[in-house]
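Data block below; observations after.
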Amino acid sequence: VKYFEISPLICEKTAIFPGDQSFERKIALDFKAGQHLLLSSISTTLHIGAHADSSSHYHKNGQGIDKREIKPYLGLCQVIHLALKGREQIQISHLKNTEILAPRVVFATNTFPDPNKWQDDFASFSPEVLNWLADQNVILVGIDTPSVDPSDSKSLDAHQVLFNRNLCVLEGLVLSHVPAGVYTLIALPLLIAGADASPVRAILIDGQI
Ligand SMILES: [Zn+2]
């Protein structure tokens, strides 16, 4: 059995959308200060590292992350590698030689290679390809960039397809080290009441656990 870590380390340096709340960890008690415990708290955007957006993030009639089903975040998942340039959108034509083999599909685009370095020119999804995937009974999509839409998009067309087709989503994955194929995904969001997103510990398992 092989385990692939597909979430980046979360730390102060983790890249976030410009203007969003970066990750901070505050130490309240510390052995180094002669205290009897290490105790800390964090403040952060929920869109940090590998994370699941909930539909309330991108639609006024969406639901909080605590209301989403478990099933999309756990189970068979296909990894697909695409050779894309920055700002390119994944199109149906990129997948004409690829068979969709699982109800969860995550895309390695390699257009956001360093989770600690923000860049605007990452790849994203065309609305058409998300509809095409939903037509093939896909229930979750994922990408190794901070967003399913281009960084400067205001209409958020790909996010709107997520809402209309009830697709779940993982953003901020790290996939360059995972060969194409079908795995078991575990990427459960936390039950944060009413929240627009949650960080996840995302892993892919090759083999029977
Ligand atoms: Zn997000």
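The values are calculated or read from the model by the stated rules, or taken from the named source; none is laboratory data. As the structure is a prediction and not an experimental result, all values here were calculated from the model. Cβ sites come from the backbone with ideal geometry, for glycine too, and all protein chains shown count toward neighbours. In case anyone asks, the SASA skips ligands and DNA or RNA and just uses the protein heavy atoms, side chains included. Shrake-Rupley method; radii C 1.70, N 1.55, O 1.52, S 1.80 Å.
A few notes on this one:
- Among the residues of the range 50-96, those identified as within 16 Å of the ligand (Cβ to nearest atom), assigned to a loop (DSSP other than H, G, I, E, B) and surrounded by 16 or more Cβ atoms within 10 Å (Cβ to Cβ) are ALA50, SER54, TYR58, GLY62, GLY64, ARG68.
Here's the yes/no breakdown for (1) in a loop (DSSP other than H, G, I, E, B); (2) modelled with pLDDT of 95 or more; (3) over 22 Å from VAL200 (Cα atoms):
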| residue | (1), (2), (3) |
| --- | --- |
| PRO8 | yes, yes, no |
| THR14 | yes, yes, no |
| GLN35 | yes, yes, yes |
| SER40 | no, yes, no |
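- Test: residue in the range 107-127 that is away from the ligand (no atom under 16 Å from the Cβ), within 14 Å of ALA50 (Cβ to Cβ) and in contact with a His (Cβ under 7 Å, 6 or more places away or on another chain): yes
- Hits in the range 129-149 (condition: within 14 Å of the ligand (Cβ to nearest atom) and either of a type in the set (Ser, Thr, Tyr) or assigned to a loop (DSSP other than H, G, I, E, B) (or both)): ASP144, THR145, PRO146, SER147, VAL148, ASP149
- Test: residue in the range 48-56 that is farther than 30 Å from LEU167 by Cα and among the acidic types (Asp, Glu): no
- Within the range 113-148, tally of residues that are surrounded by 23 or more Cβ atoms within 10 Å (Cβ to Cβ) and charged (D, E, K, R): 1
- Checked against (1) open to solvent by 10 Å² or more (accessible area, probe 1.4 Å); (2) not in a loop (DSSP other than H, G, I, E, B), ASN110 passes all but a single condition, namely (2).
- The conditions of being away from the ligand (no atom under 16 Å from the Cβ) and open to solvent by less than 40 Å² (accessible area, probe 1.4 Å) are met by LEU175.
- Subset of the range 165-201 [within 16 Å of LEU74 (Cβ to Cβ) and in contact with a Phe, Trp or Tyr (Cβ under 9 Å, 6 or more places away or on another chain)]: CYS168, LEU170, LEU173, TYR183, LEU185, ILE186, ALA187, LEU188, PRO189, VAL200
- Verdict on LEU191 being within 16 Å of the ligand (Cβ to nearest atom) and either at pLDDT 95 or above or within 13 Å of the chain's Cα centre (by Cα) (or both): no
- Residues of the range 150-165 classified as part of a loop (DSSP other than H, G, I, E, B), without any contact (Cβ under 8 Å) to a residue 12 or more places away in the chain and of a type outside the set (Ser, Thr, Tyr), total: 1
- Test: residue in the range 121-129 that is under 24 Å from GLN208 (Cα atoms) and modelled with pLDDT of 95 or more: no
- Qualifying residues in the range 149-172 (those that are open to solvent by less than 30 Å² (accessible area, probe 1.4 Å) and among the aliphatic types (A, V, I, L, M)) - the one nearest to ALA123 (Cα to Cα): ALA158
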